[in-house]
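**Q** This structure is in structure tokens; I'll ask about it shortly.
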């Protein structure tokens, strides 16, 4: 299973604190090795492996050893039917008991096999839970990483916008000083420039917060510095039918729900086994030695093995087993409904992810073309503003359109990447990233 390839990564120790740049692959590997939730989930797998054995299932006999020694100081007074009187003061008596005992349920209604199968399913359930947590963590890493990339690109766009607004302000001020422009244009250009500077500070604050949250997700130290990529690369995805087929066979949410149903079936078998007879094999080896300072028996010693077979047949327990079976049947019905609910939710998420992915690709294509046009419009409008062919308000609108086009493009790239990652996560192949 791909899960075990990911478990291998948990043992990787990458010193990312010393790196200037952080790739998405580095971030994923580091999160797999250091994310707190994943470490806990991996430990849960180990617990499942430890518990999955025949001893826990009750297949082995129970062997115990016992020993005791008793020393007594007694005063004895006896009258025998022969007429003899025995009187003794301060007689010492000693008793020594030692033995081995073994108890083995050779038959308990096949409960031991149902329990072993349940333990096996619990181990698998732990693996599915780990995969579920791993997929979500990797998705969150992708989401967090490319959110920082998006904000960083928006910060660059804001810086570029400030250059344009500064140029506009300088032109308006120059025109005002030579008497060919209005003071209103200077004031408005200054207000717009300050607004963009404020916008840039807001974006920088968002980046700082996003990086802090991302450090927590990866398990980074709070003072770790890193840089992210400057592009968002969108990869093609498989067709919907292919992804849906993989999802129904490999998605950990669905596998976990099915595993929980299998656990309930084995639990039902365990409960039903309590209706059947229990055959127990008992073996003992005992050693007994006693000595008395007075009395008829001054010394006695016995030792040797004993073997017995016990059969317990349940006759009446107030209908508890029947009630437990009824409850388990209801739980099985509920779990079947839960499986259908999970399947329905996954299909809905799959459809929505495809819609978001295709829509984002269309927006990306449109905004790339739009950005070329907006860039050319800014260049033309700036020249026309210098020649007094357009007003400051018209130039401002062209500059806003250029910035908005860039912002829409970055947002579309980010949404496409999230949809791409969600489709991979739904298919159960996040391990292939």
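**Q** When the expected Rg is taken as 2.2 N^0.38 Å, what fraction or multiple of it is the alpha-carbon Rg of segment 36-183? Spell out each step's value before the answer.
**A** Working: Rg = 43.4 Å, N = 148, 2.2 N^0.38 = 14.7 Å.
It is 2.95.
**Q** Related question: How are the C-alpha pair distances of segment 331-421 spread across 10 Å bins, as whole percents from the shortest bin up?
**A** 16, 26, 20, 15, 11, 6, 4, 1
**Q** On a C-alpha basis, how far is the centre of segment 137-208 from the centre of segment 99-135 in Å? Whole number, if you could?
**A** 63
**Q** In degrees from 0 to 90, rounded to the nearest 10, what is the angle of the helix 240-250 Cα long axis to the longest principal axis of the chain?
**A** Orientation of helix 240-250: about 20 degrees from the principal axis.
**Q** Okay, moving on. Most fluctuating residue of 174, 247, 200 in a GNM of the chain with Cα springs under 10 Å: which is it?
**A** With Cα springs under 10 Å in the chain, the top fluctuation among 174, 247, 200 is at 174.
**Q** Take 110, 316 and order them by how many other Cβ atoms sit within 10 Å, fewest up front.
**A** Numbers: 110 13, 316 6.
If I rank by nearby Cβ atoms, fewest first, I get 316, 110.
**Q** If we restrict to alpha carbons, what Rg and Dmax does segment 377-433 come to, in Å?
**A** 20.1, 61
**Q** Rounded to the nearest 10 degrees, what's the angle between the helix 36-51 long axis and the longest principal axis of the chain, both from Cα atoms, 0 to 90?
**A** Tilt relative to the chain: about 30 degrees.
**Q** Separate question: Given only helices, namely DSSP H runs of n ≥ 4 each adding -39500 (n - 2.57), what is the per-residue ellipticity at 222 nm of the chain, to the nearest 500 deg cm²/dmol? Numbers along the way, then the final one.
**A** Details: 10 runs with 277 residues, N = 433.
Rounded to the nearest 500, it is -23000 deg cm²/dmol.
**Q** For segment 204-321, state the semi-axes of the equivalent ellipsoid (square roots of 5 times the eigenvalues of the alpha-carbon gyration tensor), sorted largest first and rounded to whole angstrom.
**A** Values: eigenvalues 978, 192, 41 Å².
Three semi-axes, in Å: 70, 31, 14.
**Q** Just the Cα atoms of segment 95-176: what Rg and Dmax do they give in Å?
**A** Cα only, segment 95-176: 35.3, 119 Å (Rg, Dmax).
**Q** How tilted is helix 111-177 with respect to the longest principal axis of the chain? Cα atoms for both, answer in degrees (0 to 90, nearest 10).
**A** Once rounded, one gets 20 degrees.
**Q** Let me ask something additional. Identify which of 255, 387, 413 has the largest mean-square fluctuation in a Gaussian network model of the chain, with springs joining Cα atoms closer than 10 Å.
**A** Highest fluctuation of the listed residues: 387.
**Q** Turning to a different aspect of this structure: Cα gyration tensor of segment 277-377, axes a ≥ b ≥ c as square roots of the eigenvalues: rounded (a/c below 1.5), prolate (a/b > b/c) or oblate? Intermediate values should be presented prior to the final figure.
**A** On the way: a/c = 7.86, a/b = 3.31, b/c = 2.37.
In terms of gyration-tensor shape, prolate.
**Q** While we're looking at this one, here's another question. Could you identify which residue out of 250, 111, 163 has the top mean-square fluctuation in a GNM of the chain using Cα springs shorter than 10 Å?
**A** 163
**Q** With contacts defined as alpha carbon pairs under 8 Å and 6 or more residues apart, what's the relative contact order of the chain in percent?
**A** Relative contact order comes out at 23 percent.
**Q** Next question, about the same structure. Per Stokes-Einstein, at 4 °C and 1.567 mPa s, what whole-number D in µm² s⁻¹ belongs to the chain, with the Kirkwood radius over Cα pairs as the hydrodynamic radius?
**A** Numbers: Rh = 29.6 Å.
It comes out at roughly 44 µm²/s.
**Q** Now a separate question. What span do the alpha-carbon atoms of segment 112-254 cover on each of the three principal axes, reported in whole Å from largest to smallest?
**A** Rounded to whole Å, the extents work out to 98, 41, 21 Å.
Throughout, read-outs are computed from the coordinates displayed, never taken from laboratory work. Everything quoted here is computed from the prediction, not taken from an experiment. Please note: Cβ atoms are built from the backbone with ideal geometry, for glycine as well, and neighbour counts cover all protein chains shown.
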